[in-house]
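Quick notes on the structure that follows.
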Amino acid sequence: MNYTVLARKYRPQTFDDVVAQEHVTRTLRNALKNNRIGSGYLFCGPRGTGKTTVARILAKAVNCVNGPTQTPCGECPACKEITAGSSLDVLEIDAASNTGVDDVRTLRENVRYLPTNGKKRIYIIDEVHRLSGAAFDALLKTLEEPPPHVMFVFATTEPTKVPETILSRTQRYDFRRVSVDELTSHLRTIAQREHLTIDDAALHLLARKADGSVRDSLSLMDQITAFAGDTIGEQDVVAALGLVDRQFLFDFVNAVAEADGAKALHLTKRLFDAGVDVADFVSELLDHFRTLLVLSSGPESAELLPLGSAELAEYQKQAQNYSVGDLLRLIKIASEVIRDLKDGGLDERLLLEVASVRMADMESTVRLEEVLKALSALPIGAASGAAGPGGVPDFFPAAPLRKDEVPAAAGPRDVTTVAAEALAQPSRTLNLAQVHAGWEGFLTDLRHTNPMLASQVRMAEIKSVKDNQVTLLYFASGETSMQLVLKVENLNATIRALREHFKANVTLKVEIDRSKEHPNPPLAKGEQPKVDIKKLVEESPRLKQLIDKVDGEVIGVKKVQ
């Protein structure tokens, strides 16, 4: 028994079956209902969105034994012949193979003949933009004044290449790309009919890969089913189609945020070793940057993204590392790679490695008004007369903070905030990922000058980094450490160490949340991590099985019941 591919098996046979083209099917239905059927139609839109399919349904609706009707029966001889592609009254012509004026002249001769069984003789010309200029000219008179028994339906993916003289003689319908949500829902329905078990992440990935084409999505599902069988997961889709793993994208974008060019190059090597298509990776990277851009645009923008709560939290955490300006520049770099890949003049690996280094080496975006505001806050003469080493004006003084720059600590409450601000100065802009990446190095530097202070700073968690202000969060058990850090001399020492290590005009903000303990308190020097043996055994069935076989003690640990 021959297998029928999903794209043909589930090809829509009525207007109700067409996916996401309600604006087209509704208009055609009303035309059939009111007997206002035109003589020429032009269906435009991306591939796989239903242009030729709707043309066939329209032909059935006109030539059905009950027609013209909005719901062709599908059982009469005319409907069955059109569905099978054997109708003598519905002629499908590929314009790519019949481009010449002689082909159109033959068509003009044939339009004189009446239909054999149906009510109209219908010509469906696919990829009509491939006709030559002379062929279009030869078609004009017939298209403007066709015989009453003739109807033309043109389909094209490039309507801009169709002459205006043809456009003015037809009714134009624009088919749109099918959204990811609509494609995901459609694929889920097909999977249920085919008795396939496929998770939502895999469906979403297939829908994104199809790029708005229903036919492409079903072809991909056929391919994945052949690879993975009746049970399909996200990793099956990634492996079968050679796609980029989502975690790989997060790792790459984190490397860019940390300004770690070596790590970015290492990841590109992994990409090439895995045989992933560079164009696919850059396209996925662009979509990743787009998601971060949407999230950076405002707190309500998350509603625009079809993401689960866990996935959304990952993106939101990463979006903190970038400003809108940073993301726009990263998107521009990635777009340039796509353009250069299409030109084909340079090596793919070289293009991607250069782009990776450019992204990682890119400084954070600073608006001109922010620079002017910072310059205006400098002491008189700082920007014009004061010169540093080599005669260069010293715009980045790192003088110790004055005592009056540290406000008094707030009274007892659940959350206490103390800020230490420096004079506004132009400076390198840091993000959360860069501070996380350099935090251990900063603590090491601080330990060389003040070991006690370093141990107290280590007790804090880095909460956020915004406008070069590092916010540290202490929990209930770390209140003593926080009070030590807030001493004027310790606070100044910490800020100076931050500035020296990160080479930026960093300010510090300290908060405490007394409502809860630190989720992962840092270990003191020489302290060993405490192990919850009972929890460890419960989470490791193999370990529990081994312990159950032994009486008494196992390596100093009593048997866990």
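Tell me the Kirkwood radius of region 239-322: reciprocal of the mean inverse pair distance over distinct alpha-carbon atoms, in Å.
Computed over Cα pairs of region 239-322, the Kirkwood hydrodynamic radius comes out at 13.6 Å.
Please give, to one decimal in nm, the separation of the simple spin-label points placed at PHE250 and LEU114, each 7 Å out from Cα toward the Cβ.
It is 7.0 nm.
Rounded to the nearest 0.05, what FRET efficiency is calculated for THR14 and GLN223 with R0 set to 35 Å and r the Cβ-Cβ distance?
Once the sixth-power term is evaluated, E becomes 0.80.
Beyond 18 Å, what percent of the Cα pairs of region 282-330 remain?
In whole percent, the long-distance tail amounts to 20.
With Cβ to Cβ distances under 11 Å as the rule, what net charge do the other residues near THR4 carry (K, R +1; D, E -1)?
+2
Show ARG36, ARG108, ARG499 ordered by accessible area, largest first, where the area counts protein heavy atoms only and the probe is 1.4 Å.
I get ARG36, ARG108, ARG499, largest accessible area first.
Mind checking the full-extension length gain between THR444 and CYS73? Use 0.36 nm per residue of separation minus the Cα-Cα distance, one decimal, nm.
125.6 nm
In whole percent, and with a 1.4 Å probe on the protein chains, what portion of the accessible area of region 212-370 is carbon and sulfur?
Of the solvent-accessible surface of region 212-370, carbon and sulfur hold 51 percent.
Which pairs in the list LYS269/LYS342; LYS80/LYS141; LYS209/LYS463 are over 28 Å apart, alpha-carbon to alpha-carbon?
Beyond 28 Å: LYS80/LYS141; LYS209/LYS463.
Multiplying the sequence separation of ASN34 and SER86 by 0.36 nm and subtracting their Cα-Cα distance, what value in nm do you get?
15.8 nm
Using the beta-carbon distance between GLU22 and ARG290 and R0 = 35 Å, what value does 1/(1 + (r/R0)^6) give for FRET efficiency, to the nearest 0.05?
0.85
Report, by chain and number, residues whose modeled amide H sits under 5 Å from the one on ILE125, excluding near sequence neighbours (fewer than 5 apart, same chain).
Under 5 Å from the amide H of ILE125: ILE93, VAL153, PHE154, ALA155.
Pull up all non-local amide H partners of ILE198: gap of 5 or more, or a different chain, and H-to-H distance under 5 Å with H placed in the peptide plane.
Under 5 Å from the amide H of ILE198: ILE232.
Please find the FRET efficiency linking VAL488 to VAL324, where r is the Cβ-Cβ separation and R0 is fixed at 30 Å, and quote it to the nearest 0.05.
After rounding, the FRET efficiency stands at 0.20.
Ignoring ligands, DNA and RNA, what percent of the accessible area of region 1-114 is carbon or sulfur (1.4 Å)?
About 46 percent, which is the carbon plus sulfur part of the accessible surface.
For region 1-57, what is the accessible area per residue in Å², given a 1.4 Å probe and the full set of protein chains?
Normalised by residue count, the accessible surface of region 1-57 is 54 Å².
How much length is gained on full extension from LEU307 to GLN469, taking 0.36 nm per residue of separation minus their Cα-Cα distance?
This chain segment gains 55.3 nm when fully extended.
What are the radius of gyration and Dmax of region 1-105, computed over its Cα atoms and given in Å?
Both quantities, over Cα of region 1-105: 14.6, 44 Å.
The values are calculated or read from the model by the stated rules, or taken from the named source; none is laboratory data. As the structure is a computational prediction, the values presented were derived from the model and not from experiment. Glycine also receives a Cβ, built like all others from the backbone with ideal geometry; neighbour counts cover every protein chain displayed. The protein model used for the area step is the full one, side chains on, heavy atoms only, and it has no ligands, DNA or RNA in it. Shrake-Rupley method; radii C 1.70, N 1.55, O 1.52, S 1.80 Å.
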